[in-house]
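Before any comments, here is the structure.
The values are calculated or read from the model by the stated rules, or taken from the named source; none is laboratory data. Everything quoted here is computed from the prediction, not taken from an experiment. Cβ: placed from backbone, ideal geometry, glycine included. Neighbour counts: every protein chain shown.
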Amino acid sequence: MSTIRLLLLGTLLQRPLHGYELRRELEQWDAGRWANIAYGSIYFGLSKMAEEELVELIEVSSVANRPARSVYAITSAGRREFERLLREHWWEVKPSLEPFLAALAFMPYLRRDDLLAALHRRASLLRSGREELAQAGQAKLSQPGTPRHVAEITRLMGARVEAELHWLEQVTDRVERGELP
C-alpha cells in the first residue's frame, strides 16, 4: 500500500483530481507495469487516506446519468506523509516480490531438460518483453506532455531485463555443463 499511497499523494500534489483522472495520469506513466498497481485500488486508497485525513474530499459532482465524481485534494498531513514515503522509497532498498525466486529455490526438483527448457523460455519471454518495453517507451515519449520520469523508469526496467538476461545466460551455461542444479 505504501507505493500506491506515494503515487496517489504525489499525483495529488499537482492539483486536486478525481479517481478517474488519477488513473489516467498513472496510466500515462505506465504505472500498472512497474508499480504493481491495480487501478481499482485507487478508489480504495483515496477512501482510506480520506479517513486518515491525508486527502480531503473537496467536491462531488455528477453529470447527466454518470456516477458522481469525488474530487480529492492533498492535506498538509498528506504532504508530510508523501515526503516521508518519498524519502523512504529513495533511501531504502526493499526486496521486491518476485514469484520466480520461489520457483528458483526448487530448481533441483526439475528434470535437467525441463530446467533448460524453462530457462530458454524465460529468456525468450524477457527478450520479447524488452522489445515491447522499448516500443512502448518510444510511443510514450513521443506523446506531448509525457513527464521525463517516464523515460527513466523505462530505462531502469530495461536495465533490469538486461541484467536478468545476462544471469540467465550464465545459469543456462552452468546447467548445460552439469554444475547446476
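Observations on the model:
- Residues being of a type in the set (Phe, Trp, Tyr) and surrounded by 10 or more Cβ atoms within 10 Å (Cβ to Cβ) - total across the range 80-99: 1
- Residue in the range 23-34 that is under 17 Å from Ala68 (Cα atoms) and not in a strand (DSSP E or B) present: yes
- Residues of the range 25-53 that turn out to be in contact with a strand residue (DSSP E or B) (Cβ under 9 Å, 6 or more places away or on another chain) and within 25 Å of Ser142 (Cα to Cα), as a count: 1
- The range 145-163 residues that are in the same structural domain as Glu131 (by TED's automatic domain parsing), paired with ones that are surrounded by 11 or more Cβ atoms within 10 Å (Cβ to Cβ) and assigned to a loop (DSSP other than H, G, I, E, B) (beta carbon under 7 Å, 6 or more apart): Pro147/Trp29; Val150/Trp29; Val150/Asp30
- Options Ala77, Ala68, Ala73; residue that is exposed (fewer than 15 other Cβ atoms within 10 Å of the Cβ) and either touching a helix residue (DSSP H, G or I) at 6+ places or on another chain (Cβ under 7 Å) or at pLDDT below 90 (or both): Ala68
- Residue within the range 123-142 that is under 26 Å from Gly19 (Cβ atoms) and in contact with a Gly (Cβ under 9 Å, 6 or more places away or on another chain) present: no
Residue-by-condition table, conditions (1) outside the structural domain of Val161 (by TED's automatic domain parsing); (2) of a type in the set (A, V, I, L, M, F, W, C); (3) buried (at least 18 other Cβ atoms within 10 Å of the Cβ):
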{"residue": "Gly10", "(1), (2), (3)": "yes, no, no"}
{"residue": "Pro16", "(1), (2), (3)": "yes, no, no"}
{"residue": "Tyr20", "(1), (2), (3)": "yes, no, no"}
{"residue": "Trp34", "(1), (2), (3)": "yes, yes, no"}
{"residue": "Tyr39", "(1), (2), (3)": "yes, no, no"}
{"residue": "Val55", "(1), (2), (3)": "yes, yes, yes"}
{"residue": "Ile58", "(1), (2), (3)": "yes, yes, no"}
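- Answer residue from the range 104-145, given it is more than 30 Å from Trp29 (Cα to Cα) and among the small types (Gly, Ala, Ser) and is surrounded by the fewest Cβ atoms within 10 Å (Cβ to Cβ) among those: Ala105
Residue by residue, here is whether (1) free of Cβ contacts under 8 Å to residues at least 24 places away in the same chain; (2) under 25 Å from Arg23 (Cβ atoms); (3) out of contact with any Phe, Trp or Tyr (no Cβ under 7 Å at 6 or more places or on another chain) holds:
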| residue | (1), (2), (3) |
| --- | --- |
| Arg66 | yes, yes, yes |
| Ala73 | no, yes, yes |
| Leu86 | no, yes, yes |
| Val93 | yes, no, yes |
| Leu101 | yes, no, yes |
| Ala105 | yes, no, yes |
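- Output for the range 48-82, where each listed residue is among the charged types (D, E, K, R) and either under 12 Å from Arg5 (Cβ atoms) or part of a strand (DSSP E or B) (or both): Lys48, Glu52, Glu56, Glu59, Arg69, Glu81
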